[in-house]
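Chemist: Take a look at this one; I'll ask things after.
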Amino acid sequence: MDLNPNVSVIAKLPGDRRVWSIAVGRNGIFFSMSHSIFRCVDTQIEFLCGSGVAPVNGIAGYKDGRGADARFNYPCSIAVCPDGVSLVVADKNNHRIRTVSETGTVGTLAGNGPTSSYGRPELPTFHYPYDLIVRKDGTVFFCDTWSFKMISTDGTVRTFLRFDDPHQYSGLASSVDGGFISRQTVRDGNSCDYVHINNIDPSNISKLGLSVGRRMVMIATDTANNILMRLNGISCLQRINVLTKIVTVVMSPVADVMMAIDLCGNLVMVQPDSNRKCSLVRVGSTGLGPGYAAWDLPVWTPTKKCASQGFKWTRPAVLTILLLALRATHGGGDGGWLRGVAVLPTSVWFNIIGMMPFHAIGRH
């Protein structure tokens, strides 16, 4: 039984393969599958780069280039850059961090390919990188089997936390204070603890008191101190607040798929059907806060004067304004008439009661 029926289908996905990663950007929703990167704009799926879905499994490889000329080998994690339109990709089996431009041009940011160094900090090599984060200043952080690494905006690579054992820490997500949250595997191998890692002093690691067992896997974090987790085995999606320790079921059952939290606290995820065909869907009423993003949308809150002229908003932050209809008047020098507005990329739409002279609109 679905405990959260507020699910809306965004688009049908190509092929029937598993989606490896999802990220929400300024101009669409990005996802990786079949050794390729795709973008969903409104309800339309666009191929961006890689081998595509033909054959079904895609073609693994390594090659910089544009569109179909580029090759990936398991792009397991993608993140949107501060410009909101380009990507950084953890190309796991190529042991590299890749870049993707808005037009689908693929480059290599860092990494020298296959290595037996197991992430030794003195070598600029990676060992199966995954769980990638991009911060607002453009710094890239990611997991690397034996360590957490970072790539500065000048291209410098360094290890900021070394593990005693491989996969001692699994998963890397942002925390409200600018640090990180990760799952630490306890040496008995049967349980785990969630920990906070200080971004200034990575050796400063504190347990969050969320010993939830090995089957509880972290999916994402939000800006309201929540960790979104999936309980493997019974496929239950739960929200755990770091401060209150309160656990809330968000959705059950849920498929073993990747998902992201958008800037309105909605889940963007993949939902398969009985024929293994998948759809990209948005799930609302999750109780989650806005997700983390390296990019920002313009924010505008109208003044009393502006609001009194017919604007009535249900959210304090206005993301993007789209004029739906504009008709010029017949003389009088009043400009035009605004018929309506829409807020994107959310599904929240607004109407203006009555008509308002176009020249009166601005950042009042």
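The values are calculated or read from the model by the stated rules, or taken from the named source; none is laboratory data. Predicted, not measured: the structure shown is a model, and the values here were computed from it. Ideal geometry is used to build each Cβ from the backbone, glycine not excepted, and the neighbour counts take in all protein chains shown. The protein model used for the area step is the full one, side chains on, heavy atoms only, and it has no ligands, DNA or RNA in it. Shrake-Rupley method; radii C 1.70, N 1.55, O 1.52, S 1.80 Å.
Chemist: Restricting attention to segment 169-176, does a residue exist that is open to solvent by 60 Å² or more (accessible area, probe 1.4 Å) and modelled with pLDDT of 90 or more?
Modeler: yes
Chemist: Quickly run through segment 53-107 and pick out the residues that are open to solvent by less than 10 Å² (accessible area, probe 1.4 Å) and acidic (Asp, Glu).
Modeler: Answer for segment 53-107, where residues must be open to solvent by less than 10 Å² (accessible area, probe 1.4 Å) and acidic (Asp, Glu): just Asp91.
Chemist: What do you reckon, is Asn199 at pLDDT below 90 and either surrounded by 11 or more Cβ atoms within 10 Å (Cβ to Cβ) or basic (Lys, Arg) (or both)?
Modeler: Against the criterion (at pLDDT below 90 and either surrounded by 11 or more Cβ atoms within 10 Å (Cβ to Cβ) or basic (Lys, Arg) (or both)), Asn199 qualifies.
Chemist: Would you mind finding the one in Ser8, Ser34 that is touching a strand residue (DSSP E or B) at 6+ places or on another chain (Cβ under 9 Å), at positive phi and at pLDDT below 95?
Modeler: Going through Ser8, Ser34 in turn, just one is touching a strand residue (DSSP E or B) at 6+ places or on another chain (Cβ under 9 Å), at positive phi and at pLDDT below 95: Ser34.
Chemist: Report, by residue number, each residue of segment 71-107 that is assigned to a loop (DSSP other than H, G, I, E, B) and β-branched (Val, Ile, Thr).
Modeler: Residues satisfying the conditions are Val85, Thr103.
Chemist: Being within 23 Å of Val7 (Cβ to Cβ), modelled with pLDDT under 90, open to solvent by 30 Å² or more (accessible area, probe 1.4 Å) and β-branched (Val, Ile, Thr), is that true of even one residue in segment 249-268?
Modeler: Yes, that holds for at least one residue.
Chemist: Sticking with this one: Among Thr223, Thr139, which is open to solvent by less than 30 Å² (accessible area, probe 1.4 Å), at pLDDT 90 or above, under 25 Å from Asp296 (Cβ atoms) and under 17 Å from the mean Cα position of the chain (by Cα)? Steps first, answer last, please.
Modeler: Values: Thr223 fails: open to solvent by less than 30 Å² (accessible area, probe 1.4 Å).
Of Thr223, Thr139, the one residue that is open to solvent by less than 30 Å² (accessible area, probe 1.4 Å), at pLDDT 90 or above, under 25 Å from Asp296 (Cβ atoms) and under 17 Å from the mean Cα position of the chain (by Cα) is Thr139.
Chemist: Separate question: Just need a number here: residues in segment 142-168 that are closer than 18 Å to Ile200 by Cβ, buried (at least 20 other Cβ atoms within 10 Å of the Cβ) and among the aromatic types (Phe, Trp, Tyr).
Modeler: 1
Chemist: For Asp42, all conditions in the list (1) open to solvent by less than 70 Å² (accessible area, probe 1.4 Å); (2) under 18 Å from the mean Cα position of the chain (by Cα); (3) not β-branched (Val, Ile, Thr) hold save one; what is the number of the exception?
Modeler: (1)
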